[in-house]
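In what follows, a structure is listed as structure tokens, so that the remarks can point back to it.
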Amino acid sequence: MNFLVRGHDGTDPEAPARRQAARAEHLAYLDTGKERGHVLYAVATRDGDRVTGSTVIYQVESREELDALLQEEPYVKAGVWVSVDVHACGIAPQFREP
């Protein structure tokens, strides 16, 4: 199953510092997820120069597996993402791995 996960950063003055502090661990988490086939794609979302969150496409067996992975997501653990939206999604054929 594929899921689109949108993590929304806080808007408080300390939010950018929290993101920066957790960024290296977050990127390592994404690398590991990509190697294991769980993370297909990830982007930061922006409003002008300000990063407002992230969008990640996951490929997992179930929503329960996704929830377990999200519990280990550094941006979740560090309070960077103050809310998370999860949507089941499909990948268009031309973007699927052969």
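The values are calculated or read from the model by the stated rules, or taken from the named source; none is laboratory data. If you're wondering where the values come from, they're calculated on a predicted model, not measured in any experiment. Cβ atoms come from the backbone with ideal geometry, glycine included; neighbour counts cover every protein chain shown. These accessible areas exclude ligands, DNA and RNA; they are computed on the full protein's heavy atoms, side chains included. Shrake-Rupley method; radii C 1.70, N 1.55, O 1.52, S 1.80 Å.
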Checklist line | Computed magnitude of the charge dipole of the chain (debye, nearest 20; Cβ of K, R +1, Cβ of D, E -1) | finding: 220 debye
Notebook entry, point to check: Here are some values of Cα extents along the principal axes in Å: [x] 37, 25, 16; [y] 43, 27, 20; [z] 39, 34, 19. Which one was computed from this structure?
Noted result: [y]
Next item on the list: Tally up the carbon and sulfur contribution to the accessible surface of the chain as a whole percent, 1.4 Å probe, everything protein left in place.
Entry: 51 percent
Checklist line | Other-chain or far-sequence residues with amide H under 5 Å of LEU40's (modelled H) | finding: ILE57, TYR58, GLN59
Next item on the list: Quick one: which residues, 5+ away or cross-chain, put their amide H under 5 Å from the amide H of TRP81? H built at 1.01 Å from N.
Entry: VAL76
Next item on the list: Classify the range 31-86 as rounded, prolate or oblate from the Cα gyration tensor: take a ≥ b ≥ c as the square roots of its eigenvalues, call it rounded if a/c is under 1.5, otherwise prolate when a/b beats b/c and oblate if not.
Entry: prolate
Check: Mind listing the phi-derived Karplus ³J(HN,Hα) values for the range 23-30, rounded to whole Hz, using 6.51, -1.76 and 1.60 with θ = phi - 60°, and x for any glycine or proline?
Finding: 4, 4, 5, 4, 5, 5, 4, 5
Checklist line | Listed peptides 16-24, 44-52 by packing density, highest first (mean Cβ within 10 Å) | finding: 16-24, 44-52
Item checked: Sparsely packed GluC sites (Glu not before Pro) within the range 6-42, loop by DSSP, other Cβ within 10 Å at most 16 -> GLU14
